[in-house]
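All remarks here apply to the structure that follows.
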Amino acid sequence: MWSAVLVSMLGAALILSACSNGNGNDNGKGKETNAKAEANSPKAGTADKSEDEPIKAEPLTFSYFGNYDWWGITSWGQDMISKWITEKMGVTVKEVATGGASQAKLNTMIASNNLPDLILMDRGPGVERLRAAGALVPLDDYLDKYPNFKQYVGEATLNLLRSPDGKLYQLPNYYTSTPNGNSGWLIEKKIYKELGSPALETFDDLHAYLKLVKEKYPTVIPLEIDTAGWGHRMIYTGFKENNPPMLVDHSVYVDGDQFKPIWGDPVYAESLKYVSMLFREKLISQDALTQTGDQLSEKLVNGRVAVIAAGDAANLGRTPDEELKKKDPEDGYMAVWPIHKEGLDKNKITPNNWNSLGWNVNVITKNAKDPEGIFRFLDWMTGPEGQQVVWFGPQGVLWDSVDGDGIPVPNDKWTSMPSEEKDKIGLQSYNFVGNTTFIDGAKVKIEMALPEEKRNWSTVQQTNVFWKTSMNATQFVNLDPLPDTAEGIAAQSVSEIAKEALAKAIFAKNDAEVDAVLAQAEKDARKVGFDQVLTFKTNAWHKNQTIVEGN
């Protein structure tokens, strides 16, 4: 009996990773990988069916749990979208609340053999533990019967999601076949203009500009590198063309067809020496590694940061830009093209990366009474009509028709409806299996058709810079070993070594000390088994390449 196996294998001690935020740059998007998936844009006509046309299947009620502390959906039936779905499709979703402690909640449900019907979670070890325990429903038999996932996700991406037994148990959320990302550089516009709008393209330019800011604006922080120093990878990517930023998380860099320890990469050393130099000259916030997100936001809202290199810049700068514009319409923040080392091609600097798998995954458990019904509903949601409804609301509210790409055409209520009324619609609350290519394309098309002053700031920055500086990193997904294996245990130790080395390098007194810190980090990492980890990750990478290339 699968339930007995589940409890014995997992128990309350199961460790399932819970992501702290949904971006992702890991960010997550935009793919050659999905080239086999035809048009990712839903086409016109799907939203023009009669309002009285029945589209219900059998009534379906299922439970849904998001394995994230912050997770929560609008109470089902309290907004326009969920009411529409229940009325038109006969579907009701019952959320299992996390109580702000998602992992503990999931462990309790596992131990009591009371798993929810559908779980939203990070792909990787957590999914594989549930799968190995026999807790998940294989989905292959549904793919041809309900074709939206095959069409819009694509065969290659679905194959990347297959488990070691060759079966598919997980469906991606916010998957994509086009570039995306929120990472990059922002500047405070008023300060920049008052200082003469100097060249700000190379790291030499940046150094000169930061010194000028420090001299002319003593109360302003010249450069912020995000909380926990995350922006250091923005700098690292600027020292090498086509440099995959996410590999910093794995403490590796690409050397030919192998992964090698990042501390041995001369370019990584060069970038950290640059960061350390800025820190010593007090051109970087001295609390960059310890400040909270709220503290950083407060500085930005008050215009006290001249430049920021951030992992979630597209969201981080939106409210500060809005607040500064209230005081001065010419003020605010704006994205600039990634800063790069002199002599490099600026069009090959990629602080963003995307992968076709997107953010996370949904798994259907064997607790579900009607797993096929849940799959059918998710397949509808990820298709044309589903994306139109869950992202932009039901037809006849904010939009009445769609264009040739299936993108809603805004009506007068789009900009005139009060925000409190829009809140009642439930926009973006239920996109369990979001098609990012469609959503991003729709956002850009809609926003750019609006008057400039009404456009969404984040979408404008994404369109102008961030998405143009994002590389396809699909080949680098699924590189993590299971946490309770020898490689997984070693990888966790290496992660701690990497964090400590980063802090020491930034605080170094000189370049020689940076070199010493990196050399010691590599030595320490090899002592805890990093060579095994490198072999595992390299083999996983090569397997991905085979799938992505269709060989």
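Residue-wise test of (1) assigned by TED's automatic domain parsing to the domain that holds N362; (2) at pLDDT 90 or above; (3) not in a helix (DSSP H, G or I).
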{"position": "F377", "(1), (2), (3)": "yes, yes, no"}
{"position": "M381", "(1), (2), (3)": "yes, yes, no"}
{"position": "G404", "(1), (2), (3)": "no, yes, yes"}
{"position": "N431", "(1), (2), (3)": "yes, yes, yes"}
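Yes or no, residue by residue, for (1) touching a strand residue (DSSP E or B) at 6+ places or on another chain (Cβ under 9 Å); (2) of a type outside the set (G, A, S); (3) more than 20 Å from G373 (Cβ to Cβ):
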residue	(1), (2), (3)
D117	yes, yes, no
M121	yes, yes, yes
V137	yes, yes, no
D140	yes, yes, no
K150	no, yes, no
T176	yes, yes, yes
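The single residue among D345, D328 that is among the charged types (D, E, K, R) and under 30 Å from T436 (Cα atoms) turns out to be D345. Of the residues making up the range 187-203, those that are surrounded by fewer than 18 Cβ atoms within 10 Å (Cβ to Cβ) and farther than 26 Å from P329 by Cβ are E201, T202. Could you please let me know if A516 is over 24 Å from T350 (Cβ atoms) and touching a strand residue (DSSP E or B) at 6+ places or on another chain (Cβ under 9 Å)? Taking the combined requirement at face value, the residue does not satisfy it.
Among all positions in the range 451-459, there is no residue which is more than 30 Å from P418 (Cβ to Cβ) and among the hydrophobic types (A, V, I, L, M, F, W, C). Identification of strands (runs of 3 or more DSSP E) wholly contained in the range 204-296 with 3 or more residues that are in contact with a helix residue (DSSP H, G or I) (Cβ under 6 Å, 6 or more places away or on another chain) and either surrounded by fewer than 20 Cβ atoms within 10 Å (Cβ to Cβ) or not small (G, A, S) (or both) yields 258-261. Against the test of being loosely packed, with under 15 Cβ neighbours inside 10 Å and not in a loop (DSSP other than H, G, I, E, B), the options A519, A505, A498, A540 yield a single qualifying residue, A519. In this structure, N114 does satisfy being of a type outside the set (K, R) and modelled with pLDDT of 85 or more.
The set of residues in the range 211-244 that are under 23 Å from the mean Cα position of the chain (by Cα) and aromatic (F, W, Y) comprises W230, Y236.
Here the range 456-495 is the region considered, the condition is being part of a helix (DSSP H, G or I) and charged (D, E, K, R), and the residue that is surrounded by the fewest Cβ atoms within 10 Å (Cβ to Cβ) is K468.
Selection of the range 149-171 for residues being within 11 Å of V127 (Cβ to Cβ) and among the acidic types (D, E) yields an empty set.
Condition first: in contact with a Leu (Cβ under 8 Å, 6 or more places away or on another chain), surrounded by fewer than 19 Cβ atoms within 10 Å (Cβ to Cβ) and either assigned to a loop (DSSP other than H, G, I, E, B) or at pLDDT below 95 (or both). Can you find one or more residues in the range 337-356 that meet it? So far as the range 337-356 goes, no, none of its residues is in contact with a Leu (Cβ under 8 Å, 6 or more places away or on another chain), surrounded by fewer than 19 Cβ atoms within 10 Å (Cβ to Cβ) and either assigned to a loop (DSSP other than H, G, I, E, B) or at pLDDT below 95 (or both). Return yes when T459 is closer than 25 Å to I73 by Cβ, in contact with a strand residue (DSSP E or B) (Cβ under 7 Å, 6 or more places away or on another chain) and among the polar types (S, T, N, Q) and no when it is not. For T459, the condition - closer than 25 Å to I73 by Cβ, in contact with a strand residue (DSSP E or B) (Cβ under 7 Å, 6 or more places away or on another chain) and among the polar types (S, T, N, Q) - is not met.
The values are calculated or read from the model by the stated rules, or taken from the named source; none is laboratory data. Note that the structure is predicted; figures quoted are calculated from it, not measured. Every residue, glycine as well, gets a Cβ built from its backbone with ideal geometry; the counts of neighbours run over all protein chains shown.
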